[in-house]
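S.K.: Sharing a structure, written as structure tokens. Questions coming.
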């Protein structure tokens, strides 16, 4: 986690969440957040869980729209 501010990253994801529309974009950010979740302090995990949940919902919608 050297050089990464997890709170700032999660804030950036939250601000730009509406711009993530393609399956690949969403999966990339979701992967990054899921990794971050494993290494961040427990007091930040609730915020990460909320973002992960929102991204999973967006991913499900993106997959549905592809079919």
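S.K.: Every residue in segment 8-28 that is within 17 Å of residue 65 (Cβ to Cβ) and free of Cβ contacts under 8 Å to residues at least 24 places away in the same chain, please.
M.R.: 18, 19, 24, 25
S.K.: OK, next. I'm checking my understanding of the structure. Among residues of segment 41-59 that are surrounded by 12 or more Cβ atoms within 10 Å (Cβ to Cβ) and free of Cβ contacts under 8 Å to residues at least 12 places away in the same chain, which one is farthest from residue 26 (Cα to Cα)?
M.R.: 45
S.K.: Could you list all residues from segment 12-24 that are in contact with a helix residue (DSSP H, G or I) (Cβ under 9 Å, 6 or more places away or on another chain) and closer than 14 Å to residue 54 by Cβ?
M.R.: 13, 14, 16, 17, 19, 20, 21
No lab work stands behind these numbers, since they all come straight from the coordinates. Only a predicted model underlies this, so the values are computations on that prediction, with no experimental measurement involved. Counting neighbours? That spans all protein chains shown, and the Cβs are built from the backbone with ideal geometry, glycine included.
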